[in-house]
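Chemist: I'd like to ask some things about the structure below.
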Amino acid sequence: MTFRETAAGIDQRGTNPRPFPREHGDIQTAVVTLVDRLAPIVPVARQGHVACEIASLIASLPSAMGNNMFLRQSIIRRSTATSDNVIDGLAAWVTVLFDLANLQQDRGRALGLEARIPGDALDRLARALSESRNGCIIAVPHIGSLELFAAHLKDCGFNVGFVYSIGRRPTPTEQWIYAGRSATGATPIAFARRNTGAEIARVLQNKGVVFMVVDVYPSAIYAGITVNTHDSEFRYPPGPARYARTGTLVLPGFASCRDATGFSMNILAPIAYRTSMLVQAAAAEFTQEVAAHVDGFTAEQPGAYWLWHPIPNDPYLAIAERRRPDLLTALAPTDDEAVALAVEAADARLTASDLTDPVRWTEAPPLASSALPETVG
């Protein structure tokens, strides 16, 4: 079924016609509307190229989205991000949106690409599930095709859940994203709800695997756990350490951006939790080890990092303010509405161009294949 038939159990056909309603300056909704239209007519193998076209358009005009990506790409690269670096990050994000569109429109088509994962990674996960007292958590960063990662594990026979953020009153765009994530076949678990813990426990108790994105903590209320990464202090969520203390095994996991032929995944060995230590010290040590793996993979594939969204107590902005004021002075005044309008104006050009011609794309050379290191960090 389509988004309009499945999102949040509501029939959206009458309430959410294209284009999705957006507020002034809402670039994300403009891009989602465009991707929703393009996904059925652009071959999956060439959606990465179209994502680069859209990212280049966004990056050509100053916006909060572009500025956020510039700061984050600069911090994770430990340098000053170039325009190409910003485009790479935005293209990775747009590609994720294509994944979400493909999953909800035709799940089989979405997963028709090659899914490259070491055989011992799947064995490692299966062994961890057999040894764990209470299921497993895969700790992942905002890198690569996470939804395809979860869907692939689901199709491999694993019981999969994932924790995600969504507003209390979801916008049509948030409902669209939710529908794509739900189409993975994994169990969606909303973050920071009264029943979040119970929903996670339900999956884990059934020998399930729960994906948790760990590289930032999306809470404006709680402090989280401070770790050192990207040469500075970040706040990571406390959940993985809490579950590890009760015997749930936590394994770092990573996905690459998908290319013309497929995408890569890897699952590393469980991280040890020292129950002999005091709770606070053990949680800090454990979470620092998680951060080291995330930092290592981010250093390997910084262009795959796609998070531009506002973050409570944004650690990237804090680093720029304390240590890299040169990054802040490089930011241009933004006009988000101009960028959103430019994306909307590109709709007709992209839908009518050679970018949507399947015959043309079958003759074009494929994009470079993405590969994942066996170990990082």
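Chemist: Once the piece of chain linking residue 228 and residue 272 is laid out straight, how much longer is it, given 0.36 nm per residue of separation minus the C-alpha distance between them?
Modeler: On the way: separation 44, 0.36 × 44 = 15.84 nm, distance 1.83 nm.
That works out to 14.0 nm of additional length.
Chemist: Name the residues whose placed amide hydrogens come within less than 5 Å of the amide hydrogen of residue 213, ignoring near sequence neighbours (fewer than 5 apart) on the same chain.
Modeler: Residues meeting the amide H criterion: 140, 163.
Chemist: Is there a quick way to get the dipole size of segment 232-336? I mean about its Cα centre, with the Cβ of Lys and Arg at +1 and of Asp and Glu at -1; what is the value in debye to the nearest 20?
Modeler: Working: 8 positive and 11 negative charges, 98 e Å.
Here the size comes out at about 480 debye.
Chemist: Another question, then. Full extension from residue 129 to residue 347: what is 0.36 nm times the residue separation minus their Cα-Cα distance, to one decimal in nm?
Modeler: Values: separation 218, 0.36 × 218 = 78.48 nm, distance 4.59 nm.
Length gained, residue 129 through residue 347: 73.9 nm.
Chemist: Once phi is turned into ³J(HN,Hα) by the Karplus curve 6.51 cos²θ - 1.76 cosθ + 1.60 with θ = phi - 60°, what whole-Hz value does each residue of segment 291-301 show in order, with x for glycine and proline?
Modeler: 4, 5, 5, 4, 4, x, 5, 4, 5, 6, 9
Chemist: At q = 0.12 Å⁻¹, what is the base-10 log of I(q)/I(0) for segment 155-250 according to the Debye formula with one equal point scatterer per Cα and no solvent? Please give it to two decimals.
Modeler: With one equal scatterer per Cα and no solvent, log10 I(q)/I(0) is -0.44.
Chemist: Can you tell which of 212, 196, 230 lies farthest toward the positive end of the dipole of segment 180-266, using +1 and -1 charges on the Cβ of basic and acidic side chains (Lys, Arg; Asp, Glu)?
Modeler: About the Cα centre, the residue reaching furthest to the positive side is 196.
Chemist: Let me ask something else. What is the antiparallel percent of DSSP beta bridges lying wholly in the chain, to the nearest 5?
Modeler: Around 30 percent of the beta bridges assigned by DSSP in the chain are antiparallel ones.
Chemist: Sticking with this structure for a sec: Show me, for segment 274-286, the HN-Hα J-couplings you get by feeding each phi into the Karplus relation (A = 6.51, B = -1.76, C = 1.60, θ = phi - 60°), rounded to Hz, glycine and proline as x.
Modeler: 8, 5, 6, 8, 4, 3, 5, 5, 5, 5, 5, 5, 4
Chemist: Over segment 196-273, with the other protein chains present, what is the accessible area per residue in square angstrom, probe 1.4 angstrom?
Modeler: Values: 2750 Å² over 78 residues.
Each residue of segment 196-273 exposes 35 Å² on average to a 1.4 Å probe.
Chemist: Oh, and also: Roughly how many Å² of residue 207 are accessible to a 1.4 Å probe, to the nearest 10?
Modeler: Answer for residue 207: close to 90 Å² accessible.
Chemist: For segment 176-326, what is Rg from Cα atoms divided by 2.2 N^0.38 Å, rounded to two decimals?
Modeler: Working: Rg = 16.4 Å, N = 151, 2.2 N^0.38 = 14.8 Å.
Relative to the rule-of-thumb radius for its length, segment 176-326 sits at 1.11.
Chemist: While we're here: On average over all directions, what projected area in square nanometres does segment 8-149 have, based on the convex hull of its Cα atoms? Intermediate values should be presented prior to the final figure.
Modeler: Working: hull surface 47.5 nm².
That works out to 11.9 nm², a quarter of the Cα hull's surface.
Chemist: Only Cα pairs within less than 10 Å get springs; with that Gaussian network setup on the chain, which residue of 157, 48, 135 has the largest fluctuation?
Modeler: 157
Chemist: Can you find, among 136, 69, 312, the residue farthest towards the positive end of the dipole of the chain? Put +1 on the C-beta of Lys and Arg, -1 on that of Asp and Glu.
Modeler: In the chain, that residue is 136.
Chemist: Under 5 Å between amide hydrogens, which residues at least 5 positions from residue 262 or on another chain qualify, with H placed 1.01 Å from N in the peptide plane?
Modeler: 114
Chemist: A further question on this structure: Given H placed 1.01 Å from N in the peptide plane, which residues other than close sequence neighbours of residue 187 have an amide H under 5 Å from its amide H?
Modeler: Amide H neighbours of residue 187: 160, 161, 162.
Chemist: Any idea what Rg and Dmax come out to for segment 92-193 if you just take the C-alpha atoms, in Å?
Modeler: Rg and Dmax of segment 92-193, Cα atoms, are 14.3, 42 Å.
Chemist: To continue, here is another question. Taking θ = phi - 60°, what integer Hz values does the Karplus form 6.51 cos²θ - 1.76 cosθ + 1.60 yield along segment 134-139, in sequence order, with x for Gly and Pro?
Modeler: 7, x, 9, 10, 9, 8
Chemist: Counting only protein heavy atoms and a 1.4 Å probe, tell me what percentage of the chain's accessible area is made up of carbon and sulfur. Provide the component values of the computation, followed by the final result.
Modeler: Working: 8480 of 15880 Å².
With neighbouring chains kept in place, the figure for the chain is 53 percent.
Chemist: A follow-up question, please. For the ranges 57-65, 219-227, what's the packing order if you count other beta-carbon atoms within 10 Å of each residue, average per peptide, and put the highest first? Before the final figure, lay out each step's value.
Modeler: Numbers: 57-65: 20.1, 219-227: 14.7.
Answer by packing, highest mean first, reads 57-65, 219-227.
Chemist: Now for a separate question. Would you kindly compute the Cα radius of gyration of the chain and its largest Cα-Cα separation (Dmax), both in Å?
Modeler: Radius of gyration, then largest Cα-Cα span, for the chain: 20.1, 63 Å.
Chemist: How much accessible area per residue does segment 21-168 have, in Å², with a 1.4 Å probe? Can you show the working numbers first?
Modeler: Details: 4940 Å² over 148 residues.
Per residue, segment 21-168 has 33 Å² of solvent-accessible surface.
The values are calculated or read from the model by the stated rules, or taken from the named source; none is laboratory data. What you see is a predicted model, and the numbers here were worked out from it, not measured in a lab. All Cβ positions, glycine included, derive from the backbone under ideal geometry; neighbour counts span all protein chains shown. Just so you know, the surface numbers come from the protein's heavy atoms only, side chains and all, with ligands and any DNA or RNA stripped out. Shrake-Rupley method; radii C 1.70, N 1.55, O 1.52, S 1.80 Å.
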